[in-house]
Amino acid sequence: MEYYYSPLACSLAGHIVIREAALPIELVPVSLVRKQDVRGQSLGDISAKNQVPVLRFDDGHVLTELGVILQVLADMAPGLGYLQPRSTLAGQRTLEWLNFVATELHKHCLYPMFQKDTPAEVKAWAKQNLAGKLAIAADHLGRHHYLAGDDFSVADAYLGWVLMLGSRAGIDIAGPGPLGAYWVRLSRRPAFRECLALEAELYKSFA
């Protein structure tokens with residue numbers, strides 16, 4: 001099984017979960033500029049969507065869309081509880097926040113902010129909107145250690161990426177307050193810290 005990811009792209013979340021759970025999945029870096037993986041294979045030949053992440057199974061079929069891939073990865077290590085049963089409040093909360101991060105934070109705010117052809121006024125609006133949406137998460141995290149409660153979930157891996165990228169856009173995530181404390185908790189997790197360092201280094205030469 002292979003996981004195709006691009007350094008510091010949203011696929012970082014899946015990379016974190018794979019390392020957290022020590023899943024036996026080969027990690028394959030992809031350049032989104034060249035649209036090919038580190039071995040020279042075209043990204044379009046891997047997935048018709050021509051984007052990351054892509055999870056390719058041993059029988060050759062592929063799965064795309066980060067929100068879905070994170071759930072599948074969690075199911076591969078059920079004992080770790082990264083996605084509790086959907087019948088439980090923790091499981092439902094994980095899915096709720098997973099969708100919030102994917103739609104409200106990622107696509108609604110971060111995507112336009114990092115597109116070269118986005119008008120400046122739209123980028124400014126998206127940045128302001130991101131701060132407002134993060135305030136919702138901050139209010140929740142002021143009362144809970146993680147998004148689904150006391151334990152780390154796949155939704156936290158995704159929000160961790162959002163905070164990392166948001167910081168590159170000038171959003172303060174390390175200051176006092178719930179988001180800063182949450183970022184410290186995430187950063188103390190070895191897999192999270194290792195993934196950030198590895199992808200930051202890889203980004204310098206293979207973005």
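Of all positions in the stretch 163-173, none carries a residue that is closer than 16 Å to LEU98 by Cα, part of a helix (DSSP H, G or I) and in contact (Cβ under 8 Å) with a residue 40 or more places away in the chain. If you check VAL52 against the conditions, is it modelled with pLDDT of 95 or more, surrounded by 12 or more Cβ atoms within 10 Å (Cβ to Cβ), assigned to a loop (DSSP other than H, G, I, E, B) and touching a Ser or Thr at 6+ places or on another chain (Cβ under 6 Å)? Taking the combined requirement at face value, the residue satisfies it.
The sole residue among GLN92, GLN128 that is surrounded by fewer than 18 Cβ atoms within 10 Å (Cβ to Cβ), assigned to a helix (DSSP H, G or I), modelled with pLDDT of 95 or more and not charged (D, E, K, R) is GLN92. Here ALA102 qualifies as of a type outside the set (D, E, K, R), more than 15 Å from GLU20 (Cβ to Cβ) and touching a residue at least 40 places away in the same chain (Cβ under 8 Å). Residue pairs whose Cβ atoms lie under 9 Å apart, separated by 6 or more positions or on different chains, with the first residue in the stretch 54-66 and of a type in the set (Phe, Trp, Tyr) and the second surrounded by fewer than 17 Cβ atoms within 10 Å (Cβ to Cβ), are PHE57/MET1; PHE57/GLU2; PHE57/LEU63. For the stretch 51-70, the criterion of being within 30 Å of PHE206 (Cβ to Cβ) and among the basic types (Lys, Arg) is met by at least one residue.
The values are calculated or read from the model by the stated rules, or taken from the named source; none is laboratory data. Please read all numbers here as calculations on a predicted model, not as lab measurements. Because the Cβ atoms are built from the backbone with ideal geometry, glycine has one as well, and the counts that use them run over all protein chains shown.
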